[in-house]
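**Q** Attaching a single structure in C-alpha cells format; questions to follow.
The values are calculated or read from the model by the stated rules, or taken from the named source; none is laboratory data. Every value quoted in this text rests on a predicted model; they were computed, and no experiment measured them. FYI the Cβ positions are ideal-geometry reconstructions off the backbone, even for glycines, and counts take in every protein chain you see. What goes into the accessible areas is simple: the full protein's heavy atoms, side chains included, and nothing from ligands, DNA or RNA. Shrake-Rupley method; radii C 1.70, N 1.55, O 1.52, S 1.80 Å.
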Amino acid sequence: MTTIKLHNTMTRRKEAFVPIDPQDVRMYVCGPTVYDRAHLGNARPVIVFDVLYRLLRHVYGANHVNYVRNFTDVDDKINAKSAQTGREIGDITDETVSWFLEDMAQVGALEPNAMPRATQYIVQMVAMIEDLIARGHAYAAQGHVLFSVDSYAQYGALSGRSVDDMIAGARVEVAPYKRDPMDFVLWKPSDEATPGWESPWGRGRPGWHIECSAMAAELLGTQFDIHGGGNDLQFPHHENEIAQSRCAGHGFANVWLHNEMLQVEGKKMSKSLGNFFTVRDLLDQGVPGEVIRFVMLSTHYRKPMDWTEKKRVEAEQTLKKWFRQIGLSTATLDGSVHRGTIEAIADDLNTPEVISNLHALSNAGDFSQLRKSLYLLGLFDGQIPKWARVEGFSDAETGLIRDLLNRREIARGDRDFAKADLLRDGLLDAGVGIKDTATEPEFERLSNFDINKLDGLWGSS
Ligand SMILES: [Zn+2]
C-alpha cells in the first residue's frame, strides 16, 4: 500500500500518515461562511483538500473515507447582509450554499460525504458548552458563555505562539463580561431582530469556533485523522477548536494541514486594489474550471500561490494538448496509476511534481497513464470537456486528428516536407479540413469524413 506523508502543522514535520481505522479514514475541513460568492482564494483549500480526499479514496478505497466540510450559516456577516438587503437569512444562506457547490463542482471538487450546517447542530453545541462549564473550562456571564483560555495550558501549541504574543498581535476584544481578554465566546445573546435559540443562558446564538468542535465530534467521533483549512484559520479559529475539544475530553484531530494563501499578480487580493474576483467571475469570462484547478495545483499547497494571467494561458494550452492526447487512449480510469504520479501526490501533495510527471508522460507518448493520472488529480472526469473538443467529431476522432496534426508539425520541424504534405493530403482525403492559424491548426468535419481512412492514415504514418 502507498505510504502517504503529510506535513503536520502541530508537529511541524512531514510524517507517515497512519489512520486510526483504515476502513474509516476521517477528515474535517473548515468550510465557508455563506453570505457571498466564493472568491478565488476560497477555492484554494477546496481544491487542495479535494486532492487529498481523492488520494485517500485511491489508497484506502472510495467507501472507506469520510470527509466532512461544514457550512457556517449563522454569523454576523450573514445577519448584516440580511439587514442590508431585507432578504430572509435562510434565502441568503440557501442561495450561497448552492452557488458554492456549483462553482466548486466546476473546479472539479467532489462533494464531501457530509456538509453539515451549523444551525442544524445547535443542540450539540449547547451540550458541549454545558459540558465545558461543568468541567471548569468555561463560564457564563451577562448572557454570554466564555471559554477560559487560562484553563488550557497547551493553548497556542498549533500556531506556536505564546498567549502574550497572541494578545499583542491580535485585536483581542476587551469586554466587561470577560475574565481575561483572551477568553473567547462560545455563546452570545441575540436580540429580537437576530437569529437565536433558547439555551440555559437565555436566547442566543453560538460563537463561530464551537460549531466545528461540535460537528466534528458528532459526525467523525471525538478523535479523527485529519483536520484541514487555510493558514488564516490557525489562529484563533483552530487554536480555539483544539482548546474546546481537548477540554471536553476529546482526542480531536491527529494531523493538521494548512494551505498557504493566494495572491493575484503578486498582490494580496482585495476589493480596494481592484484585483478581487470570484470563481464565478472567471468561469463567466470563459476560463474553464480545469484551468483554474491546474493553476492552483501548479504551486505546492504550503507555498503562497500567485494567480497570474500568464499561468492561466499556459495552463489552458497544456491542458488542451493533454486532452487531445488522452482522447487517443481508452484506458480504464480505475486501477493502477503511474508510480511517479501517485508517489508525488502521496509526498505531502506535491502537485507541482505531479505536473512535471504529467509533462513527462505526455512527451513519452504514454497517453494511457496520462489519462489515469489526470483522472486521479481531478482534472479529467472521464469526458473530454466541451471547451477542449471540436464540433462534429467524437473525442477519439479529435484525438486521432490532433495526433496526426502533431506528426505533421514534427515533420515540418524536421524539414520533411514530403511527409508533412502526405499527412495533410491524407487528412483531406479522410474528410478533415485544416486551417493553419498563428497558434495551432483548426480543423473541421467535411461531408466526406471517413473514420476508416483516418484510422488507416494514423496506422500507416
Ligand atoms: Zn472550523
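**Q** If R₀ is 56 angstrom, what is the calculated FRET efficiency for the pair residue 422 and residue 3, using the beta carbon separation as r and rounding to 0.05?
**A** 0.65
**Q** Next question. How big is region 390-460 by Rg and Dmax over its Cα atoms, in Å?
**A** Here Rg and the maximum Cα pair distance are 11.3, 32 Å.
**Q** So which aspartates and glutamates pass the test for residue 419, namely a Cα distance under 20 Å, with those fewer than 8 places away in the same chain ruled out?
**A** Here the aspartates and glutamates satisfying the reach criterion relative to residue 419 are 403, 409, 429, 436, 440, 442, 455.
**Q** Once all Cα-Cα distances of region 14-144 are split into 10 Å bins that start at 0, what whole-number percent is in each one?
**A** Computed distribution, short to long bins: 11, 32, 30, 22, 6, 0.
**Q** Seen from all sides and averaged, what is the projected area of the convex hull of the Cα atoms in region 324-461, in nm²?
**A** Spelled out: convex hull of the Cα atoms, projected over all directions, averaged, 9.1 nm².
**Q** Measure off 7 Å from each Cα along the Cα-to-Cβ vector at residue 391 and residue 113, then give the distance between these two points in nanometres to one decimal.
**A** Using points 7 Å along Cα→Cβ, the separation is 4.6 nm.
**Q** How large are Rg and Dmax for region 154-206 when calculated on the C-alpha trace, in angstrom?
**A** Here Rg and the maximum Cα pair distance are 14.5, 41 Å.
**Q** Once you've got the Cα coordinates, tell me which of 77/303; 77/321; 178/271 are over 32 Å apart.
**A** Details: 77/303 29 Å; 77/321 44 Å; 178/271 34 Å.
With Cα atoms farther than 32 Å apart: 77/321; 178/271.
**Q** Which is farthest toward the positive dipole end of region 5-259 among 207, 110, 128, measuring Cα position about the Cα centre, with Cβ charges +1 (Lys, Arg) and -1 (Asp, Glu)?
**A** 110
**Q** Next question, about the same structure. What is the helix-to-structure angle for 367-376, meaning the angle in degrees between its Cα long axis and the longest Cα principal axis of the chain, kept from 0 to 90 and rounded to the nearest 10?
**A** Compared with the principal axis, the helix lies near 20 degrees.
**Q** Compute the long axis of helix 395-413 from its Cα atoms, compare it with the longest principal axis of the Cα atoms of the chain, and write down the angle in degrees, 0 to 90, nearest 10.
**A** 60 degrees
**Q** Another question, then. By how many degrees, 0 to 90 and rounded to 10, does the Cα axis of helix 40-60 deviate from the longest principal axis of the chain?
**A** 80 degrees
**Q** Something else about it: Let's see if you can work this out: charge +1 on each Lys and Arg Cβ, -1 on each Asp and Glu Cβ, no other charges. What is the dipole magnitude of region 8-93 about its Cα centre, in debye to the nearest 20?
**A** Using only the charged Cβ atoms, the result is roughly 440 debye.
**Q** Once you sort the root eigenvalues of the Cα gyration tensor of region 288-397 as a ≥ b ≥ c, which label holds: rounded (a/c under 1.5), prolate (a/b larger than b/c) or oblate (the other case)?
**A** Taking the square roots of the gyration eigenvalues as a ≥ b ≥ c, region 288-397 is oblate.
**Q** A further question on this structure: Is the shape of region 268-322 rounded, prolate or oblate, going by the alpha carbon gyration tensor and its root eigenvalues a ≥ b ≥ c, with a/c under 1.5 for rounded and a/b larger than b/c for prolate?
**A** Taking the square roots of the gyration eigenvalues as a ≥ b ≥ c, region 268-322 is oblate.
**Q** Sort region 5-259 into rounded, prolate or oblate with this rule: let a ≥ b ≥ c be the square roots of the eigenvalues of the Cα gyration tensor; rounded if a/c is under 1.5, and if a/c is not under 1.5, prolate when a/b is larger than b/c, oblate otherwise.
**A** oblate
**Q** Oh, and also: How much solvent-accessible surface does residue 252 expose, in Å² to the nearest 10, with a 1.4 Å probe and all protein chains in place?
**A** Per-residue accessible area (residue 252): approximately 10 Å².
**Q** Considering only the other residues whose Cβ falls under 13 Å of the Cβ of residue 29, what net charge follows from Lys and Arg at +1 and Asp and Glu at -1?
**A** Neighbourhood net charge equals -1.
**Q** Ordering 102, 15, 440 by accessible area with a probe of 1.4 Å, largest first, what comes out?
**A** Solvent-accessible surface, decreasing: 102, 440, 15.
**Q** Among 179, 54, what's the order by accessible area (1.4 angstrom probe), most exposed first? Don't jump to the answer; show the numbers that get you there.
**A** Details: 179 180, 54 40 Å².
So, going from the largest accessible area down, we get 179, 54.
**Q** Say the dipole of region 263-387 comes from +1 at the beta carbon of Lys and Arg and -1 at that of Asp and Glu; which of 377, 319, 355 then lies farthest toward its positive end?
**A** 319
**Q** A follow-up question, please. Please give the solvent-accessible surface of residue 261 in Å², to the nearest 10, using a probe radius of 1.4 Å with every protein chain present.
**A** About 70 Å², rounded to the nearest 10.
**Q** So for region 5-259: antiparallel DSSP bridges make up what percent, rounded to the nearest 5?
**A** 45 percent
**Q** Still on this structure: Would any residue of region 30-60 have its amide N under 13 Å from a label point 7 Å out along Cα→Cβ of residue 102? List them or say none.
**A** Only 37-38 fall inside the zone, counting backbone N under 13 Å.
**Q** Would you work out what percent of the accessible area of region 390-460, with all protein chains in place, is carbon or sulfur (probe 1.4 Å)? Write out the running numbers ahead of the final one.
**A** On the way: 2040 of 4130 Å².
In region 390-460, the share of accessible area belonging to carbon and sulfur is 49 percent.
**Q** Now for a separate question. In whole Å, what are the Cα extents of region 67-150 along the three principal axes, biggest one first?
**A** Principal extents (Cα only, largest first): 47, 35, 22 Å.
**Q** Cα-Cα pairs above 29 Å in the chain: how many percent?
**A** Beyond 29 Å sits 55 percent of the P(r) for the chain.
**Q** Measuring from a point 7 Å past the Cα of residue 306 along Cα-to-C-beta, which residues in region 234-277 have an amide N at less than 15 Å?
**A** Only 261-269 fall inside the zone, counting backbone N under 15 Å.
**Q** From the helices alone, meaning DSSP H stretches of at least four residues, give me the mean residue ellipticity at 222 nm for the chain, per-run term -39500 (n - 2.57), in deg cm²/dmol to the nearest 500.
**A** That calculation yields -13500 deg cm²/dmol at 222 nm.
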